[in-house]
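The values are calculated or read from the model by the stated rules, or taken from the named source; none is laboratory data. What you see is a predicted model, and the numbers here were worked out from it, not measured in a lab. So basically every Cβ, Gly included, is an ideal-geometry build from the backbone, and we count neighbours across all protein chains shown. Areas reflect the complete protein model, heavy atoms only, side chains present, ligands, DNA and RNA absent. Shrake-Rupley method; radii C 1.70, N 1.55, O 1.52, S 1.80 Å.
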Amino acid sequence: MKFDAVILNDSQGERRLDAHMLPLRIGTGSDCEIRLPGPGSSAVALLDELDGAPFVQPVGTTGALKINGSSLKTSKKLAAGDELEFFGTRVVVEEADGAMRLTVQLEGSAYVTKPPEIAGASAVPAEETIVATAFRRVVDAAPTETKSSGVHWQTIVGSVIVFLVLVSWLLFTSKSIQFDVQPAGMDEISISGGWFKLPVGDRILMREGAYTVNVSKEGYYDVAQSLEVGEAPSRTVIIEMRKLPGELTISTEPAVDALVTVDDTRVGRAPFGPLELEPGTHSVTVTADRFLPFSQRLAVPGLGMHQQLDVQLVPLWANVEITSEPPGAAVYQGEEQIGETPIQLELIEGSHSLSLIKEGFKAWDGTVETVANINQVLPTVQLEPANAQLRVSSIPRGANVSVNGRYRGQSPVTIALSPDINYEIGLSKAGYGSTTRRVRLEAAASEEITVDMTARVGEVTVAVLPGDATVFVDGQARGSGTITLKLPSAPHRLEVKKDGYSAFSRSVTPRPGYPQTIQVRLLSDAEVLARSTASSMTTSQGQELRRVEAGAFEMGTSRREQGRRANEVLVPVVLTKPFYIGAKEVTNREFRRFEPGHDSGGSLHLSLAGDLNPVVNVSWDDAVAYCNWLSAQEGLTPAYEKKFERWVPVTPTPDGYRLPTEAEWVWAIRYQGRPKAATFPWGDRMPPRRDSGNYAGKSANALVPSILPGWDDGYAATAPVGTFAPNALGLYDGGGNVSEWVQDYYAVPTPGQTEPVQDPKGPQRGSNRVIRGSSWMHSGILELRLGYRAFGNSGRPDVGFRIARNVE
């Protein structure tokens with residue numbers, strides 16, 4: 001049945017509702033367009049259309065609304081002749097001139113008061129003869145005396161019989177209901193709805209109708225279960241109670257900086273807790289530098305109980321005592337001097353190469369094997385007087401000197417050697433490469449070698465605006481304008497300065513054979529001032545960033561919020577500084593200027609690779625590498641650096657581009673700089689408003705596991721950035737399109753924090769990064785909420801990012 005309007009005929013008369021007003025709410029609430037008499041004050045169903053055809057979708061799980069005699073449990077298409085029934089009220093569906101007519105019939109409603117029926121009122125009296133009464137004079141009528149006997153005993157007996165019959169009728173026509181609460185024990189049961197509920201032993205006699213059974217039990221979640229009492233004379237209702245989560249607090253002995261992981265998710269640093277955990281068995285791991293890892297399978301009973309786990313950490317090192325004769329020898333581990341003899345060292349379990357060096361004596365080299373927590377005292381090392389010496393110098397000074405691969409110091413240095421033995425002397429210095437020399441000394445010899453080390457240079461071109469600005473390298477002026485420098489392949493400090501302009505400074509490492517060009521445009525003092533107060537700024541790639549002022553707010557969500565997860569812990573936060581954040585997500589075109597060969601997933605759907613669509617299938621590392629590239633394009637200090645092959649934020653945060661912190665994302669997207677947070681990107685109620693964002697709808701049906709009923713934004717996958725309306729700060733796609741990487745490591749905050757955290761940047765360590773916001777693949781209330789938190793570290797077809805930057 002196709003239709004363009006709904007004609008509603010109810011107790012208020014007949015009115016016409018155009019199709020654009022869909023969906024219509026059906027129920028007992030005051031906000032329902034189709035209002036029916038019944039219990040409660042909420043919607044029980046939604047009336048909507050799909051491809052021009054009407055359908056009805058239940059809200060909740062009560063099953064009180066019926067269609068054609070059967071409970072409505074899933075979405076059903078409507079056709080002419082269908083009947084909806086709600087506690088006796090019928091809604092008849094008809095087709096009338098291209099419109100759908102809904103007629104509400106209240107005759108059978110259990111919630112509408114009916115007029116009283118008068119016994120015998122409809123009976124027609126039988127014909128009878130009217131007989132005249134004989135006339136008597138008053139004087140002839142003898143007076144009679146009437147005595148009042150009160151209430152006749154027949155009336156009392158009749159009333160008792162009627163009462164007993166009524167009670168018997170109630171008892172024999174009521175239904176016997178038994179409630180089996182699992183697990184059994186001390187529980188409180190209350191029943192709302194209906195008018196007759198009579199406990200009889202372990203059962204309750206109830207009339208037909210709809211009821212709500214409320215059960216509370218210590219240590220369990222409260223249950224409010226809907227119950228429909230039907231024609232069956234008796235039944236047993238099973239009510240399963242769900243245990244409350246337990247609380248776990250973890251501490252370590254000794255108290256060190258230890259990382260706590262629960263069920264393969266890093267939750268924070270010890271001491272940690274209380275942490276909410278569902279009943280069951282959980283894996284708990286505690287790791288700390290220089291200690292053996294601790295791991296345990298822990299049974300959590302739940303029931304709101306608190307558990308304390310005290311972890312005794314076992315040292316991963318052993319104490320090693322080293323003495324020498326004579327004392328005062330320098331102890332080296334690799335190229336690092338770690339003390340002088342006598343000394344007690346804490347050495348991590350394993351093999352360690354140590355050297356003892358003292359001027360005038362031959363060096364001692366040895367290997368120490370250590371086992372965790374087992375201490376050692378090494379025999380005293382007898383240093384032998386040197387009978388041959390070699391002085392090693394280099395041009396330039398400061399080269400690292402080694403003998404047969406063992407570090408001996410920096411040039412110039414005097415080395416004690418044994419005579420008549422071949423030695424390999426190694427020299428190395430950053431930017432100058434490395435070289436070796438072979439020597440052999442005679443007894444009592446004292447010789448010197450000087451090595452002229454050739455610099456390994458790279459070419460660096462510096463193009464400067466304005467042209468008369470001065471270029472400095474390692475503090476020395478090297479010229480102005482555009483200059484090409486040949487510098488040793490070691491880190492150098494590059495600076496550009498001019499009076500009246502903001503100075504530029506960054507580190508540069510030349511690479512032999514790979515010329516570099518650095519473009520620098522100095523900002524005048526007036527430009528710097530203007531940027532510090534501007535409400536927006538634009539990158540060299542044309543990307544707009546919006547300024548967001550500082551503010552105080554609360555991260556996380558209330559336990560009362562539908563769909564809330566345990567990782568959404570409430571934490572008060574204060575952002576003390578304003579910041580810039582990208583108005584739109586980074587697009588494929590913008591990202592391909594940095595990584596020309598990147599493919600966002602055109603094989604899954606062509607729109608994913610569109611130039612104006614957000615870039616996806618990028619890892620967190622890819623996102624921060626792009627931020628550093630963008631900073632380099634504008635001569636800004638990169639916000640990230642690599643340590644041990646991992647990207648980490650530079651501290652303090654420089655002026656380069658970066659990812660927003662999780663707190664900044666929440667303040668800009670969820671709060672929009674306002675005092676109150678929104679539940680969803682479009683407001684506080686489901687379903688989404690039309691054209692409010694790109695979520696999983698009809699067009700994405702072939703690509704996603706589930707969709708929003710009745711939703712179609714016209715995009716199968718991602719949409720071009722900025723397609724839908726921005727939020728109050730001018731930021732687009734904070735919900736929908738793609739989820740977004742933020743800077744923080746993922747962890748579950750400690751519950752119960754009351755002191756505000758200033759400018760939080762997340763944990764110091766972790767294995768996953770936080771992902772915020774919903775995407776084109778999401779359709780459930782869990783993910784569509786702005787409070788939803790996810791995590792990961794690799795790319796996904798629905799995760800992208802937007803950039804941020806400090807306000808200078």
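Restricting attention to region 35-53, and to residues there that are in contact with a Lys or Arg (Cβ under 7 Å, 6 or more places away or on another chain) and surrounded by 17 or more Cβ atoms within 10 Å (Cβ to Cβ), which single residue is nearest to Gly193 (Cα to Cα)?
Ala43
When the residues of region 487-501 are filtered to those that are assigned to a loop (DSSP other than H, G, I, E, B) and open to solvent by less than 50 Å² (accessible area, probe 1.4 Å), which remaining residue is modelled with the highest pLDDT?
Step one: filter region 487-501 for residues assigned to a loop (DSSP other than H, G, I, E, B), giving 490-491, 498-500.
Restricting the remaining residues to those that are open to solvent by less than 50 Å² (accessible area, probe 1.4 Å) gives 490, 500.
Details: Ala490: 82, Gly500: 91.
Step by step, filter region 487-501, then rank; the result is Gly500.
Go through region 471-498 and report how many residues are closer than 22 Å to Ala526 by Cβ and more than 47 Å from the chain's Cα centre (by Cα). Steps first, please.
First pass over region 471-498, keeping only residues closer than 22 Å to Ala526 by Cβ: 480, 495-498.
Imposing the further condition that a residue be more than 47 Å from the chain's Cα centre (by Cα) reduces the set to 480.
So the count comes out to 1.
Which of the following residues is more than 26 Å from Tyr715 (Cα to Cα), free of Cβ contacts under 8 Å to residues at least 24 places away in the same chain, surrounded by fewer than 16 Cβ atoms within 10 Å (Cβ to Cβ) and of a type outside the set (Gly, Ala, Ser): Arg560, Arg589?
On the way: Arg589 fails: more than 26 Å from Tyr715 (Cα to Cα).
Residue meeting the stated conditions: Arg560.
So, of the residues in region 191-222 that are more than 24 Å from Gly40 (Cβ to Cβ) and at pLDDT 85 or above, which turns out to be least open to solvent (accessible area, probe 1.4 Å)?
The selected residue is Gly219.
Where in region 177-294 are there strands (runs of 3 or more DSSP E), lying fully within it, with 3 or more residues that are over 24 Å from the mean Cα position of the chain (by Cα) and touching a residue at least 24 places away in the same chain (Cβ under 8 Å)? Full working, then the answer.
Working: elements: 188-192, 197-200, 203-206, 209-216, 223-229, 234-240, 246-253, 258-262, 265-270, 272-277, 280-288.
Counting at least 3 such residues, we get 188-192, 203-206, 209-216, 223-229, 234-240, 246-253.
Given the conditions (1) under 18 Å from Ser402 (Cβ atoms); (2) in a strand (DSSP E or B), report the number of the one that Leu441 does not fulfil.
(2)
Taking the criterion of being of a type in the set (A, V, I, L, M, F, W, C), open to solvent by 30 Å² or more (accessible area, probe 1.4 Å) and modelled with pLDDT of 85 or more, would at least one residue in region 258-273 satisfy it?
No, there is no match, as no residue in region 258-273 is of a type in the set (A, V, I, L, M, F, W, C), open to solvent by 30 Å² or more (accessible area, probe 1.4 Å) and modelled with pLDDT of 85 or more.
So that you can scan it fast, the table gives a plain yes or no per residue for (1) under 27 Å from Gly88 (Cβ atoms); (2) open to solvent by less than 50 Å² (accessible area, probe 1.4 Å); (3) hydroxyl-bearing (Ser, Thr, Tyr); (4) modelled with pLDDT of 85 or more:
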{"position": "Gln154", "(1), (2), (3), (4)": "no, no, no, no"}
{"position": "Val162", "(1), (2), (3), (4)": "no, no, no, no"}
{"position": "Asp180", "(1), (2), (3), (4)": "no, no, no, yes"}
{"position": "Ile189", "(1), (2), (3), (4)": "no, no, no, yes"}
{"position": "Ala224", "(1), (2), (3), (4)": "yes, no, no, no"}
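State whether the residues of region 300-308 include one that is open to solvent by less than 40 Å² (accessible area, probe 1.4 Å), within 30 Å of Gly219 (Cβ to Cβ) and modelled with pLDDT under 90.
So far as region 300-308 goes, yes, one or more of its residues are open to solvent by less than 40 Å² (accessible area, probe 1.4 Å), within 30 Å of Gly219 (Cβ to Cβ) and modelled with pLDDT under 90.
If I filter region 371-384 for residues that are outside any loop (DSSP other than H, G, I, E, B) and among the acidic types (Asp, Glu), do I get at least one hit? Walk me through how you get there before you give the answer.
Our first condition is that a residue be outside any loop (DSSP other than H, G, I, E, B); within region 371-384, this holds for 371, 374, 376-377, 381-382.
So of that shortlist, the ones also among the acidic types (Asp, Glu) come out as none.
Looking through region 371-384, none of the residues is outside any loop (DSSP other than H, G, I, E, B) and among the acidic types (Asp, Glu).
Name the residues in region 747-775 that are in contact with a Phe, Trp or Tyr (Cβ under 7 Å, 6 or more places away or on another chain), part of a loop (DSSP other than H, G, I, E, B) and modelled with pLDDT of 95 or more, would you? Steps first, answer last, please.
First, pick out the residues of region 747-775 that are in contact with a Phe, Trp or Tyr (Cβ under 7 Å, 6 or more places away or on another chain): 750, 762-763, 765-766, 768-772, 774.
Cutting the leftovers down to part of a loop (DSSP other than H, G, I, E, B) gives us 750, 762-763, 765-766, 768, 774.
Ser774, the sole residue that qualifies.
Filter region 752-808 for residues that are farther than 15 Å from Val569 by Cα, open to solvent by 40 Å² or more (accessible area, probe 1.4 Å) and among the β-branched types (Val, Ile, Thr) and give the result.
Ile781
Can you go through Asp420, Asp468 and tell me which one is more than 56 Å from the chain's Cα centre (by Cα), assigned to a loop (DSSP other than H, G, I, E, B) and not aromatic (Phe, Trp, Tyr)? Full working, then the answer.
Working: Asp468 fails: more than 56 Å from the chain's Cα centre (by Cα).
Sole residue among the options that is more than 56 Å from the chain's Cα centre (by Cα), assigned to a loop (DSSP other than H, G, I, E, B) and not aromatic (Phe, Trp, Tyr): Asp420.
Looking at region 656-696, which of the residues that are of a type in the set (D, E, K, R) and assigned to a loop (DSSP other than H, G, I, E, B) is least open to solvent (accessible area, probe 1.4 Å)?
Initial filter on region 656-696 (of a type in the set (D, E, K, R)): 658, 662, 664, 670, 674, 676, 684-685, 689-691.
Going one step further and asking which of them are assigned to a loop (DSSP other than H, G, I, E, B), we end up with 674, 676, 684-685, 689-691.
Values: Arg674: 121, Lys676: 137, Asp684: 87, Arg685: 135, Arg689: 139, Arg690: 144, Asp691: 118 Å².
The selected residue is Asp684.
Which one is surrounded by the most Cβ atoms within 10 Å (Cβ to Cβ) among residues in region 365-404 that are more than 12 Å from Val320 (Cβ to Cβ) and among the acidic types (Asp, Glu)?
Checked region 365-404; the qualifying residue surrounded by the most Cβ atoms within 10 Å (Cβ to Cβ) is Asp365.
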